[in-house]
Amino acid sequence: MSASTRMSSRLAAWLPRIVVAPSLLVVIVTVYLFILWTGLISVTSSKFVPTYDFVGLEQYVRLWATPRWHTAVANLFIFSALFLALSTGLGLLMAILLDQNIRAEGALRAIYLYPMALSFIVTGTAWKWIMNPGLGIQRVVNDLGWTDFRFDWITDPQMAIYTVVVAGVWQSSGFAMAIFLAGLRGIDNSVIKAAQIEGATLPLIYRQIIIPMLRPAMLSVIVLLSYIAIKSFDLVLALTNGGPGTATELPSTFMFSATFRRNQMGVGAASAVMMLMTVAAIIIPYLYSELREKNNG
Amino acid sequence: MSKFIATVLAATMLVPVAARAEGEIEVLHHWVSQSEVDALNVIRKELEAKGFTWKDSAVGGMSGANAQQALRSRLTAGNPPGAMQFLGWEGVQWAEQGVVRDLNDLAKTGGWREALAPQLLPFVTSGDAFIAAPINMHRQNWVWANKKIFDDAGIAVPKSWAELIAAGKTLQEKGIVPVAMGDEPWQIGIIFDALLSDVNGPEFYQKTAIDLDPAALGSAEMVKVFDTLREVRGLVDNNFVGRDWAVATGMVINGEAAMQFMGDWAKGEFLAKGLKPNQDFYCFATPGQVTSFQYLIDSFGMFTVQDENVQNAQTALAETIMDPKVQKGFNLIKGSIPARSDVSVDDFDDCAKLGYQERAAAIEKGSMQGAMTHGFAAKPEFASVFSDVAAQFFVGNMSSEDAVKMLVSGIDNAR
């Protein structure tokens, strides 16, 4: 083997690494280094600016003794669970109904899908007015003559988080519908015909055959919607701005205000680490099972 | 505080700042609305008349939190602006990090300490150093009222919270919203701050909002404050969620609502509609046995820089800000009153004059105190506990006793 070919083969072996290196470096610094730094800050007594002393888990104790943090965590679970369940359920229902060879299907599909084209800020602002008892639904129904009608969830600290769910579902269920509809179109008609010949009723066919066959579509919907749920704090900001009071606070808004507005950088870092651990608790088992399947296969 | 950070910041600032025009100073602030910019231009023009260049760096949004963030990154990058607008404890906290220029020489020659109310000094000095030049003073505890509504209902300006609440109930029966406000914690905080002092006297405000005395925080007087706050909640309509303060002011202006509790920035909304104080609208302090004056100030601090041209510009800017003539011109536009107590307010409107008189009286009686909601009493980590509890109490059904318990444990937790 001549020297030049050895050179070029070595270059070929190194080239991918060299090309990937800058982006890898950027990711390591901007993501993992700062995760480590945040973890470090969370065990210090940092307040206005970082201080590098060690106080153990004091900031975590402080964090979990803060009622606002409990509200934020509870809200995240209420919102994510309801948002996922309702968007998926409604999306599936709409997709099945639209799949019945109805007229003007294209137009209806577009109508249901369009909310997705709006940003959460627009959705939040519009629903803020729709749900305001003095401007929106309640006012309209009252003016129509039903004067006892009450729809003031947005002013009630116990119910306000559900208004966020309503706005989120309104925006995203059409999107779930579109994916399910594509899944439904991909199902072979002959399977359904065969079931009908066997005497299966339509609900049974849907329950036992079609919905199980939609599993891949279901997975995509859930993954995409979970991601929307986690990043949806702009919806909260526009719709309720964390209010009334602090009733619709989310962990992300808590972290921001603790770190940058309340001189509690340590508590903010601790809350960020808690969020990371929550995500990790979901992601790591998933990665683990994925990797194991690969090794087995 | 951290020596490490101070060293890093100090070291990075030694990097020579090249490519700066002679005598140019960059001013970082969060004033972006029209009247704020117009007011700022008074300082700017005066500075430019002295031959210096003003480089404007406005970072608006989040009541100054965005500008604070910008400052942090600028400081860590070793490129601090020449001057920065400070709110609350910010200036003092930066001074503790050793990055703020000491203006003591200027303060001595200019007699700044004598010209300012002694209550302001904790926010513009740090140890022996004079760290910021205050330009204006707002009062937080004003009530803005629609005069026609008051006159039609035969209501006089209330002298106590009991009278105010009774007047509110009368108005409510007539179908008028007594109090216009939004549900944002700071809007609720303005009422809470006022009640702390008005219900139990300025000493109680000192013990709770400033000294964080556990006994006072958990006392029966504190329960009384929350009880009164609950009564005020009864005067607010149910559509208050998500209402901006200026929208609430609009409700008072067009007669939908009778009163608003708001700082004197609300005055601008009335004046912009061509309304006159005491003819079309009332301005009066929140009522108490001892009338309190809960202030907030805007001040400008200078950062330590090596470039002499910038240093000269800093000196000129600080002197300009403390110039009585500039203070007058600035505050005529901004709607506040001069931070200096020795500037005459003869050309100001009636509300500003009333505020000026009540400030002088309040300094004597010890009832001139920093407004907690705007960061001029307890440090932010404690002030935010007050605002959390007051806001949750206001929008929900919590009992006053539970609120007090929550307040005491919250403050302990933040210590």
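Using Cα pairs under 8 angstrom and six or more residues apart, how large is the relative contact order of chain B, in percent?
Reported as a whole number, the value is 26 percent.
Quick check: Cα centre of segment B:301-316 to Cα centre of segment B:75-143, how many Å?
After rounding, the separation between the Cα centres reads 15 Å.
Over chain B, what is the percentage of antiparallel beta bridges among all DSSP beta bridges, to the nearest 5?
Roughly 60 percent of the beta bridges in chain B run antiparallel, per DSSP.
To the nearest 10 degrees, how steep is helix B:34-49 against the longest Cα principal axis of chain B, on a 0 to 90 scale?
30 degrees
To the nearest 20 Debye, how big is the dipole of chain B about its Cα centre, given +1 on the beta carbon of each Lys and Arg and -1 on that of each Asp and Glu?
Computed charge dipole of chain B: roughly 120 debye.
Please name which of A:Val141, A:Ala229, A:Leu202 has its Cα lying farthest along the dipole of segment A:42-296 towards the positive end, using unit charges on Cβ (Lys, Arg +1; Asp, Glu -1) and the Cα centre as origin.
A:Ala229
Excluding B:Asp350 itself, calculate the net charge of residues whose Cβ lies under 11 Å from the Cβ of B:Asp350, where each Lys or Arg counts +1 and each Asp or Glu counts -1.
Net local charge, B:Asp350 excluded: +2.
Once every DSSP H run of n ≥ 4 in the protein assembly as shown is given -39500 (n - 2.57) and the sum is divided by its residues, what mean residue ellipticity at 222 nm do you get, rounded to the nearest 500 deg cm²/dmol?
After summing the helix terms and dividing by residue count, I get -18000 deg cm²/dmol.
Measure nothing but the geometry: give the 0 to 90° angle between the long axis through the Cα atoms of B:350-365 and the longest principal axis through the Cα atoms of chain B, rounded to 10°.
The answer is roughly 80 degrees.
Can you tell me how much longer the chain between B:Asn397 and B:Gln289 gets when fully stretched, taken as 0.36 nm per residue apart minus their C-alpha distance, in nm with one decimal?
Residue separation times 0.36 nm, minus the Cα-Cα distance, leaves 36.0 nm.
Please report the relative contact order for chain A, taking Cα pairs under 8 Å with a sequence separation of at least 6, and give it as a percent rounded to a whole number.
For chain A, the relative contact order is 29 percent.
Among A:Thr88, B:Gln68, B:Phe226, whose Cα lies farthest out toward the positive end of the dipole of the protein assembly as shown, if unit charges sit on the beta carbon of Lys, Arg (+1) and Asp, Glu (-1)?
Toward the positive end, the furthest listed residue is A:Thr88.
Enumerate the calculated ³J(HN,Hα) couplings along segment B:178-190 in order (Karplus 6.51 cos²θ - 1.76 cosθ + 1.60, θ = phi - 60°), each rounded to whole Hz, writing x wherever the residue is Gly or Pro.
Once θ is set to phi - 60°, the couplings for segment B:178-190 become x, 10, 9, 6, x, 9, 5, x, 6, 5, 5, x, 4 Hz.
Quick check for me: using +1 on Lys/Arg Cβ and -1 on Asp/Glu Cβ, what's the dipole size of segment A:42-296 about its Cα centre, in debye to the nearest 20?
Its charge dipole is roughly 240 debye.
Between their Cα atoms, which of A:Lys47/B:Lys405; B:Lys55/B:Lys276; B:Lys50/B:Lys273 are more than 31 Å away from each other?
From the list (A:Lys47/B:Lys405; B:Lys55/B:Lys276; B:Lys50/B:Lys273), the Cα-Cα distance tops 31 Å for B:Lys55/B:Lys276; B:Lys50/B:Lys273.
If amide H atoms are built 1.01 Å from N in the plane of the peptide, which residues on other chains or at least 5 residues away come under 5 Å of the amide H of B:Glu26?
Result for B:Glu26 returns B:Lys55, B:Gly82, B:Ala83.
Could you compute the net charge surrounding B:Phe123? Neighbours are other residues with a C-beta less than 11 Å from the C-beta of B:Phe123; K and R count +1, D and E count -1.
Computed value for this residue: -2.
Can you give the average number of partner chain beta-carbon atoms within 10 Å of each beta-carbon in peptide B:240-247, as a whole number?
5
Which of the aspartates and glutamates could a cross-linker bridge to A:Lys128, judged by Cα under 18 Å and excluding same-chain residues fewer than eight apart?
Output for A:Lys128: A:Asp152, A:Asp156, A:Asp234, A:Glu249, B:Asp183, B:Glu184, B:Asp237, B:Asp244.
Compute the normalised compactness of segment A:42-296: alpha-carbon radius of gyration over 2.2 N^0.38 Å, N being the residue count.
1.26
B:Ala133's amide H: which non-local residues (gap 5+, or another chain) put their own amide H closer than 5 Å, with H modeled 1.01 Å from N in plane and none for Pro or chain starts?
Amide H neighbours of B:Ala133: B:Phe300, B:Gly301.
In whole percent, what relative contact order does segment A:1-139 give with Cα contacts below 8 Å and a gap of six or more residues?
7 percent
How about segment B:200-279: which GluC sites (Glu not before Pro) there are in a DSSP loop, with at most 16 other Cβ atoms within 10 Å of their Cβ?
Loop-located and lightly packed - B:Glu256.
Helix B:65-76 versus the longest principal axis of chain B: what is the Cα-based angle in degrees, 0 to 90, to the nearest 10?
20 degrees
Sorted by mean Cβ packing within 10 Å, highest first, what order do the peptides A:199-207, A:84-92, B:194-202 take?
B:194-202, A:84-92, A:199-207
Can you give the convex hull volume per residue for the Cα atoms of segment A:247-297, as a whole number of Å³?
78 Å³
What helices does chain A have that are whole DSSP H segments, at least 30 Å long along their own axis by Cα, and with mean Kyte-Doolittle hydropathy of 0.5 or more?
Counting only whole DSSP H runs, the qualifying helices are A:3-27, A:67-98, A:160-185, A:265-296.
If you take the charge dipole of chain A about its Cα centre, with +1 on Lys and Arg Cβ and -1 on Asp and Glu Cβ, which of A:Ala21, A:Ser45, A:Thr5 is farthest toward its positive end?
It is A:Thr5, whose Cα lies furthest towards the positive end.
Nearest 5 is fine: what % of DSSP beta bridges in the protein assembly as shown come out antiparallel, could you say?
Expressed as a percentage, antiparallel bridges in the protein assembly as shown total about 60.
Values in this text are rule-based calculations from the coordinates and carry no lab data. Predicted model, so just to flag it, every value in this text is computed and none were measured. Ideal geometry is used to build each Cβ from the backbone, glycine not excepted, and the neighbour counts take in all protein chains shown.
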